[in-house]
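These notes are about the structure you will find just below.
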Amino acid sequence: MATTARSLHLPTPPKPSNPSSHHRLPVPSHFRPRPQRLVRRLAASSSDLTSFPDPAPTPNGVYVPWAAAHPAAAAAIDVDAATEAELRENGFRSTRRTKLVCTIGPTTCGAAELEALAVGGMNVARVNMCHGDREWHRGVIRAVRRLNDEKGFAVAVMMDTEGSEIHMGDLGGAPSAKAEDGEVWTFSVRSSDTSLPDRIIHVNYDGFAEDVKAGDELFVDGGMARFEVIEKLGPDVKCRCTDPGLLLPRANLTIWRDGSVVRERNAMLPTISSKDWIDIDFGIAEGVDFIAVSFVKSAEVINHLKSYITARSRGSDIGVIAKIESIDALKNLEEIIRASDGVIVARGDLGAQIPLEQVPSIQQKIVRMCRQLNKPVIVASQLLESMIEYPTPTRAEVADVSEAVRQRADALMLSGESAMGRYPEKALGVLRSVSLRIEKWWREEKRHEALELQDVSSSFSDKISEEICNSAAKMANNLGVDAVFVYTKDGHMASLLSRCRPDCPIFAFTSSTSVRRRLNLQWGLIPFWLSDSDDMESNLNRTFSLLKARGMVQSGDLVIALSDMLQSIQVMNVP
């Protein structure tokens, strides 16, 4: 291991003159003093939680990334335009660490709307194959790619499969339907080429009428509405609405009997349906960054899909994300997480299969296990459900988002709020402002976790990288460095650093555009594209020069630099 770290002998730090203010540890005397930087701090009032600022306007009212204005200098290095603006405006410490995923739908599929989400902090755009046809999804994926190419963003694309669980039909083309208390609705397996009459809903599973019994309960979309089965008439099942709610096209149906979910028939359905395989081929052809698999039951399906992707697309590095949303997944949780490239905690459907009071503890367990196993984890479903209709969230929703950030989840996901809601940009703004506030509070309180991270290395070389990252994160916190730089070919060392959750941001430099986009899902990583070399000194000097030219670092800034090519670590000031 080529370790070139300086030996550090820190003097006893003096007591700050103002105990209430936030201070970093003093820089050792043998480091050059860093100049004072004027930084506009984020507002610290409680109104941050309910104020949703628009992106700062430019003089002509048009958002122009630095790279677009300076194409010659930008050719050698590239960073997400929104992150660059945030770094230049607020400094290292005020960058958001929690990543944000937005589901794209009719409300947000236009070029202007996608750009507004990207400027607002969207790191990953999710397309849900439950809705829309493949041509519509192709248009969205390519629009995101154009946005990245033309505007300087690095938004990744995640394709979410439909899965083969029991769900409703398309509601005859209607965007939604309202079920009121006491109304009688018919759930039918009849296929029809014409629109169904009011209060009749098509069900995709042919054995539905045979499996349910009078007295069973139907949970729609994780409990957004509830029905009681009152009568079966051939292929039709008459149900009375007991909990009113909004019915959305292709919403999942869960059957409960005698206080427990009926799993037998669902357990026999394949995890990946024939339609899903066609959608997966489509996603591979379009070069999506992640494929999320719905209703995963075991690790075998994840491994099978990974092998299929490898065979169909040589050299592809599409990540496979497991959605945890069933009792079967919870029984095989650790093996599923180990096999996957990341996890979504799909609390809506999961909450329809386990008692509601168990959802918070299950969420925390999954988040913690994913971090232990070095897999990114996304907390999803109903984070800001009220903002589908209203411009401000409930305080309970804000507390829910805060808890996910406090648990140090990698990412938060908007579903209906951004796909079909009336206020997608404001909903994204809530996630951004709450994340920033909780992260800032965490750093100010010096709440370094006592979480003992387990060994995830599979070889001696990996073990060296893991130990380097663990040491670098501890040094970063103890020295109060401005940033950690990591030069990575495949993103693995950057992900190991992210797992340690250091106080400072992590600048991840890679020569792969696909690796750069994938790293945009992981906590604390700011991915850069950089045409690098095997000469660490050359990489550092060129990086400092390029970042200083863009106003993103200054002489005297203290950084720790790592490389997975040389497995090295250095501590230095920016010259």
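The values are calculated or read from the model by the stated rules, or taken from the named source; none is laboratory data. All figures in this text were calculated on a predicted structure; none of them were measured in a lab. Virtual Cβ from ideal backbone geometry, glycine too; neighbours counted across all protein chains shown. Areas reflect the complete protein model, heavy atoms only, side chains present, ligands, DNA and RNA absent. Shrake-Rupley method; radii C 1.70, N 1.55, O 1.52, S 1.80 Å.
I need a count of the residues in the range 219-255 that are aromatic (F, W, Y) and surrounded by fewer than 16 Cβ atoms within 10 Å (Cβ to Cβ). Working first, answer last.
Looking only at the range 219-255, we keep the residues that are aromatic (F, W, Y), and these are 219, 227.
Subset that is surrounded by fewer than 16 Cβ atoms within 10 Å (Cβ to Cβ): none.
Residues meeting the conditions: 0.
Name every residue in the range 295-333 that is farther than 20 Å from I378 by Cα, β-branched (V, I, T) and surrounded by fewer than 17 Cβ atoms within 10 Å (Cβ to Cβ), in order of residue number. Within the range 295-333, just T310 meets the criteria.
Select from the range 84-129 the residues that are farther than 16 Å from A143 by Cα, surrounded by fewer than 24 Cβ atoms within 10 Å (Cβ to Cβ) and of a type in the set (S, T, N, Q) and list them in ascending order. Passing the criteria: N90, S94, T95. Only residues that are more than 19 Å from the chain's Cα centre (by Cα) and either farther than 21 Å from E417 by Cβ or surrounded by fewer than 21 Cβ atoms within 10 Å (Cβ to Cβ) (or both) were counted across the range 132-146, and they come to 10.
A quick yes/no check of all residues on (1) touching a residue at least 60 places away in the same chain (Cβ under 8 Å); (2) closer than 22 Å to W442 by Cα:
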residue: N477; (1), (2): no, yes
residue: T510; (1), (2): no, no
residue: L521; (1), (2): yes, yes
residue: F528; (1), (2): yes, no
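Among residues belonging to the range 479-529 that are among the small types (G, A, S), part of a loop (DSSP other than H, G, I, E, B) and out of contact with any strand residue (DSSP E or B) (no Cβ under 6 Å at 6 or more places or on another chain), point out the one that is surrounded by the most Cβ atoms within 10 Å (Cβ to Cβ). Reasoning before the result, please.
Of the range 479-529, the ones among the small types (G, A, S) are 480, 483, 491, 494-495, 498, 508, 511-512, 514, 524.
With part of a loop (DSSP other than H, G, I, E, B) added as a condition, the list becomes 480, 491, 511-512, 524.
Among the residues that remain, those that are also out of contact with any strand residue (DSSP E or B) (no Cβ under 6 Å at 6 or more places or on another chain) are: 480, 491, 511-512.
Details: G480: 16, G491: 23, S511: 15, S512: 16.
Among those residues, the one meeting the criterion is G491.
Based on this model, can you work out whether L566 counts as closer than 18 Å to C469 by Cβ and not in a strand (DSSP E or B)? When the stated conditions are applied, L566 passes them.
Just the residues that are of a type in the set (V, I, T) and over 16 Å from G169 (Cα atoms), please, taken from the range 194-241. Lay out the reasoning, then the answer.
Kept after step one, since they are of a type in the set (V, I, T), are these residues of the range 194-241: 194, 200-201, 203, 212, 220, 229-230, 237.
Answer for the range 194-241, where residues must be of a type in the set (V, I, T) and over 16 Å from G169 (Cα atoms): V212, V229, I230.
Scan the range 547-562 and give yes if some residue there is open to solvent by less than 30 Å² (accessible area, probe 1.4 Å), assigned to a strand (DSSP E or B) and under 13 Å from D78 (Cα atoms), otherwise no. No. If we keep just the residues of the range 203-218 that are open to solvent by less than 60 Å² (accessible area, probe 1.4 Å) and outside any loop (DSSP other than H, G, I, E, B), which is nearest to P355 (Cα to Cα)? Here the answer is L218.
Those helices (runs of 4 or more DSSP H) of the range 75-173 in which at least 3 residues are outside the structural domain of V220 (by TED's automatic domain parsing), over 21 Å from T513 (Cα atoms) and among the hydrophobic types (A, V, I, L, M, F, W, C), considering only elements entirely within it, cover 111-119. A399 meets the conditions (1) touching a residue at least 24 places away in the same chain (Cβ under 8 Å); (2) open to solvent by 10 Å² or more (accessible area, probe 1.4 Å); (3) not polar (S, T, N, Q) in every case but one. The failed one is (1).
Yes/no per residue for (1) part of a helix (DSSP H, G or I); (2) surrounded by fewer than 16 Cβ atoms within 10 Å (Cβ to Cβ):
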{"position": "E417", "(1), (2)": "yes, no"}
{"position": "G421", "(1), (2)": "no, no"}
{"position": "E425", "(1), (2)": "yes, no"}
{"position": "R432", "(1), (2)": "yes, no"}
{"position": "S435", "(1), (2)": "yes, no"}
{"position": "W441", "(1), (2)": "yes, yes"}
{"position": "S457", "(1), (2)": "no, yes"}
{"position": "C469", "(1), (2)": "yes, no"}
{"position": "N477", "(1), (2)": "yes, no"}
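Could you check the range 315-340 and list, in sequence order, the residues that are without any contact (Cβ under 8 Å) to a residue 12 or more places away in the chain and over 20 Å from V157 (Cβ atoms)? Steps first, please.
To start, the set of residues in the range 315-340 that are without any contact (Cβ under 8 Å) to a residue 12 or more places away in the chain comprises 315, 331.
Across the range 315-340, the qualifying residue is only K331.
For first residues located in the range 207-226 and under 15 Å from R240 (Cβ atoms), partners that are part of a loop (DSSP other than H, G, I, E, B) and lie 6+ apart or on another chain with Cβ distances below 7 Å form the pairs F219/A352; V220/A251; A225/P244. Taking the criterion of being at pLDDT 95 or above and among the hydrophobic types (A, V, I, L, M, F, W, C), the residues of the range 215-234 that qualify are F227, V229, I230.
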